[in-house]
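The block underneath contains the structure these notes are about, expressed in structure tokens.
The values are calculated or read from the model by the stated rules, or taken from the named source; none is laboratory data. None of these values were measured; they are calculated from a predicted model. Quick reminder, even Gly has a Cβ in these numbers, built from the backbone with ideal geometry, and neighbours come from all protein chains shown. Keep in mind that these areas ignore ligands, DNA and RNA; they rest on the heavy atoms of the full protein, side chains included. Shrake-Rupley method; radii C 1.70, N 1.55, O 1.52, S 1.80 Å.
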Amino acid sequence: MNFTVGFKPLLGDAHSMDNLEKQLICPICLEMFSKPVVILPCQHNLCRKCANDVFQASNPLWQSRGSTTVSSGGRFRCPSCRHEVVLDRHGVYGLQRNLLVENIIDIYKQESSRPLHSKAEQHLMCEEHEEEKINIYCLSCEVPTCSLCKVFGAHKDCEVAPLPTIYKRQKSELSDGIAMLVAGNDRVQAVITQMEEVCQTIEDNSRRQKQLLTQRFEALCAVLEERKAELLQALAREQEQKLQRVRGLIRQYGDHLEASSKLVESAIQSMEEPQMALYLQQAKELINKVGTMSKVELAGRPEPGYESMDQFTVSVEHVAEMLRTIDFQAGTVPADMPSKVGAQVGRRQGCGAGASPGR
């Protein structure tokens with residue numbers, strides 16, 4: 001690994017700095033190499049601790065150099081290229097240190113304007129390997145884990161990625177979902193406002209029609225009072241049915257808006273969680289909830305003209321003998337008009353022109 005050519009120009013470019021940083025990441029712990037850095041015969045580099053972990057995992061019976069018994073050495077495979085590395089009795093301590101990489105790491109840390117990890121950041125520790133912090137994310141199991149679990153633990157056959165990468169990705173997904181949900185809430189609020197206006201229009205139109213009916217029936221005689229009451233009841237039923245339907249939709253939209261707003265609040269609070277591992281433990285569920293809430297289909301709004309009450313307009317141009325047959329204009333009789341009204345009309349039409357109203 002040669003970093004001498006063009007090193008200084010790389011420090012001035014953020015994209016190049018990111019590329020350089022990737023070259024300084026240990027393939028075992030997925031963090032920047034920690035001193036001392038050892039170079040394998042295949043020219044790949046590892047932290048000495050990581051190299052020793054892999055070596056110990058591959059040679060569990062090998063005695064360390066602090067032991068009184070001298071072992072004949074051991075072997076393991078390079079995690080980058082799978083080249084077989086044969087070690088002598090000194091184990092990984094017999095590998096040559098890569099001072100060039102160590103110097104480059106020192107220069108990189110001095111020149112970089114951002115630290116790789118905040119010193120104040122608290123790390124969760126692996127339950128299986130208590131001295132290992134959680135620093136990678138298992139894509140297969142969708143859980144945070146540590147590097148030793150990947151090397152020879154429960155996730156050795158799984159696909160993994162750096163914890164910050166998945167943290168940024170899922171945080172971006174949740175942020176996008178929140179934006180969509182907030183936009184949807186604005187649309188729902190607009191619909192609720194529009195339907196409230198529909199309710200007001202229905203009430204205004206009903207009130208206007210009631211006034212017209214009252215004025216016209218009052219201009220006729222007492223003989224019209226009974227029929228007027230029947231027509232007002234029919235109009236009131238229609239009004240109540242329409243108001244019940246629209247108010248039911250308002251309640252449904254309001255409940256959806258309240259639930260959606262609470263979900264937005266929970267998601268925003270979750271995004272403020274500084275701990276990546278803690279955040280990722282609940283981010284997937286929040287993302288699913290936000291996606292599900294964004295796709296909820298609400299009941300359709302009333303069709304155009306639903307608020308109109310013009311079908312209750314009456315005509316007062318009939319002769320007095322036909323007063324008791326007054327009804328809403330033909331073709332606009334509400335479907336729920338009681339059948340007794342038709343029977344009464346039939347009886348009244350059977351009366352002669354000079355018949356007494358019976359009062």
Shape category assigned to the range 188-251 from the gyration tensor of Cα positions, a/c cut at 1.5:
oblate
Show which aspartates and glutamates lie in cross-link reach of LYS171 when reach means a straight Cα distance below 19 angstrom and same-chain residues fewer than eight apart are skipped.
GLU121, GLU142, GLU265, GLU272, GLU273, GLU285
Less than 20 Å apart at the alpha-carbon level, and either on another chain or at least 8 residues along: which lysines does that give for LYS168?
LYS22, LYS119, LYS133, LYS284, LYS289
Here the range 90-101 yields Karplus 3J(HN,Hα) values (6.51, -1.76, 1.60; θ = phi - 60°; whole Hz; Gly and Pro given as x) of 7, x, 5, 6, x, 6, 6, 6, 9, 5, 4, 5
In nanometres, the difference between 0.36 nm per residue of separation and the alpha-carbon distance of LYS295 and SER315 is 2.3 nm
What's the extension gain from GLN329 to CYS42 if we count 0.36 nm per residue and subtract their Cα-Cα distance?
93.7 nm
For MET32, what residues show an amide H to amide H distance below 5 Å, using hydrogens built from the backbone and excluding near sequence neighbours?
CYS26
Taking r as the C-beta separation of GLU131 and GLU196 and R0 as 51 Å, the FRET efficiency to the nearest 0.05 is 0.25
Give me the percent of the accessible area of the range 200-269 that comes from carbon and sulfur atoms, probe 1.4 Å, all protein chains in place.
48
Given R₀ = 56 Å, what would the calculated FRET efficiency be for LEU243 paired with LEU139, taking r from the Cβ atoms and rounding to 0.05?
0.55
Non-local residues with an amide H under 5 Å from the amide H of VAL85, with H modelled 1.01 Å from N and Pro and chain starts lacking one, are PHE76, ARG77, CYS78
Within straight cross-link reach of LYS210, meaning Cα distance under 16 Å, which aspartates and glutamates are found once same-chain residues fewer than 8 apart are removed?
GLU218, GLU225, GLU226, GLU230, GLU238, GLU240, GLU307, ASP310, ASP327
List every residue whose amide H lies under 5 Å from the amide H of ILE134, counting only residues 5 or more places away in sequence or on a different chain, with H placed 1.01 Å from N in the peptide plane.
LEU124, MET125, CYS126
Once every Cα of the range 215-270 carries one equal point scatterer and solvent is ignored, give the base-10 log of I(q)/I(0) from the Debye formula at q = 0.21, 0.27, 0.29, 0.30 Å⁻¹, two decimals.
-0.81, -0.97, -1.01, -1.04
Once Lys and Arg are counted +1 and Asp and Glu -1 for all other residues with Cβ under 12 Å from that of GLN244, the total becomes +3
Contour minus Cα-Cα distance for GLU111 and GLU258 (0.36 nm per residue)
48.0 nm
FRET efficiency estimate (nearest 0.05) - Cβ-Cβ, ALA183 to GLU303, R0 35 angstrom:
0.85
Give me the one-decimal nm value for the distance between modelled label points at SER172 and VAL223, 7 Å along each residue's Cα-to-Cβ direction.
8.3
Hey, what do the phi angles of the range 53-58 turn into as Karplus ³J(HN,Hα) couplings, whole Hz, using 6.51/-1.76/1.60 and θ = phi - 60°, x for Gly and Pro?
4, 5, 5, 5, 5, 7
